[in-house]
Amino acid sequence: QVQLVESGGGLGQAGGSLRLSCAASGIIFSMHTMGWYRQSPGKQRELVAVIISGGNTNYADSVKGRFTISRDNRKNMVFLQMNSLKPEDTAVYYCNARLLTTSHWGQGTQVTVSS
């Protein structure tokens with residue numbers, strides 16, 4: 001059974017930092033592309049950042065230079081360090097694991113940034 005469990009969300013202040021974690025089980029973690037997505041009320045879910053098995057990363061333009069995605073293949077975990085937070089970063093953040101045509105999602109963690 002595949003499980004992706006996010007943690008670390010909560011309330012942050014504009015200009016501040018939060019760190020999200022996602023613990024994966026039930027998959028060969030090192031083979032999967034791991035990603036963070038977010039969804040705000042009334043908006044579609046959007047890509048925030050991805051990291052492939054080899055460590056290369058890609059970011060949405062809106063978070064480049066502020067957010068950093070990383071992974072620990074020994075612990076089956078992926079992280080999202082969010083710095084210089086903005087109110088528009090407020091959303092539910094979802095962890096995703098993808099391999100070929102298979103995609104798994106976590107339950108999401110709320111991030112709220114106050115101005």
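The values are calculated or read from the model by the stated rules, or taken from the named source; none is laboratory data. Since this is a predicted model, take the numbers as computed values, not measurements. Reconstructed Cβ throughout: ideal geometry from the backbone, glycine too, with neighbour counts over all protein chains shown. Quick note on the areas: whole protein, heavy atoms, side chains included, nothing else; ligands and nucleic acids left out. Shrake-Rupley method; radii C 1.70, N 1.55, O 1.52, S 1.80 Å.
Residue 41 versus (1) more than 16 Å from the chain's Cα centre (by Cα); (2) modelled with pLDDT of 95 or more: which is the lone unmet condition?
Failed condition: (2).
Can you tell me which residue is most open to solvent (accessible area, probe 1.4 Å) among those in the range 18-28 that are of a type in the set (A, V, I, L, M, F, W, C) and over 14 Å from the mean Cα position of the chain (by Cα)?
Keep residues of the range 18-28 that are of a type in the set (A, V, I, L, M, F, W, C), which gives 18, 20, 22-24, 27-28.
Those still in the list that are over 14 Å from the mean Cα position of the chain (by Cα) too: 27-28.
Details: 27: 28, 28: 106 Å².
If we take residues in the range 18-28 being of a type in the set (A, V, I, L, M, F, W, C) and over 14 Å from the mean Cα position of the chain (by Cα), then 28 is most open to solvent (accessible area, probe 1.4 Å).
Does residue 113 fit the bill of being in a strand (DSSP E or B) and under 10 Å from the mean Cα position of the chain (by Cα)?
Details: in a strand (DSSP E or B): yes; under 10 Å from the mean Cα position of the chain (by Cα): no.
Here the answer is no, as residue 113 does not meet what is asked.
Checking the condition modelled with pLDDT under 95 and open to solvent by 10 Å² or more (accessible area, probe 1.4 Å), which residue from 101, 57, 109 passes?
Numbers: 57 fails: modelled with pLDDT under 95; 109 fails: modelled with pLDDT under 95.
Just one listed residue meets the conditions, 101.
If you check every pair at least six apart or on different chains, which have Cβ atoms under 7 Å apart with a residue in the range 20-48 that is closer than 14 Å to residue 97 by Cβ and β-branched (Val, Ile, Thr) first and a residue that is buried (at least 22 other Cβ atoms within 10 Å of the Cβ) and at pLDDT below 95 second?
none
Answer with yes or no whether residue 68 is hydroxyl-bearing (Ser, Thr, Tyr), over 14 Å from the mean Cα position of the chain (by Cα) and open to solvent by 60 Å² or more (accessible area, probe 1.4 Å).
Numbers: hydroxyl-bearing (Ser, Thr, Tyr): yes; over 14 Å from the mean Cα position of the chain (by Cα): no; open to solvent by 60 Å² or more (accessible area, probe 1.4 Å): yes.
No; evaluated as a whole, the condition is false for this residue.
Which ones in the range 29-54 are open to solvent by less than 30 Å² (accessible area, probe 1.4 Å) and of a type in the set (Val, Ile, Thr)? First the steps, then the outcome.
Residues of the range 29-54 open to solvent by less than 30 Å² (accessible area, probe 1.4 Å): 29, 32-36, 38, 40, 48-51.
Of everything in the range 29-54, those that are open to solvent by less than 30 Å² (accessible area, probe 1.4 Å) and of a type in the set (Val, Ile, Thr) turn out to be 33, 48, 50, 51.
Looking at the range 80-89, can you tell me whether even one residue there is open to solvent by less than 50 Å² (accessible area, probe 1.4 Å) and under 10 Å from residue 34 (Cα atoms)?
Taking every residue of the range 80-89 in turn, none turns out to be open to solvent by less than 50 Å² (accessible area, probe 1.4 Å) and under 10 Å from residue 34 (Cα atoms).
Look at residue 96 and say whether it is in a strand (DSSP E or B) and either touching a residue at least 40 places away in the same chain (Cβ under 8 Å) or of a type in the set (Ser, Thr, Tyr) (or both). Reasoning before the result, please.
Values: in a strand (DSSP E or B): yes; either touching a residue at least 40 places away in the same chain (Cβ under 8 Å) or of a type in the set (Ser, Thr, Tyr) (or both): yes.
For residue 96, the condition - in a strand (DSSP E or B) and either touching a residue at least 40 places away in the same chain (Cβ under 8 Å) or of a type in the set (Ser, Thr, Tyr) (or both) - is met.
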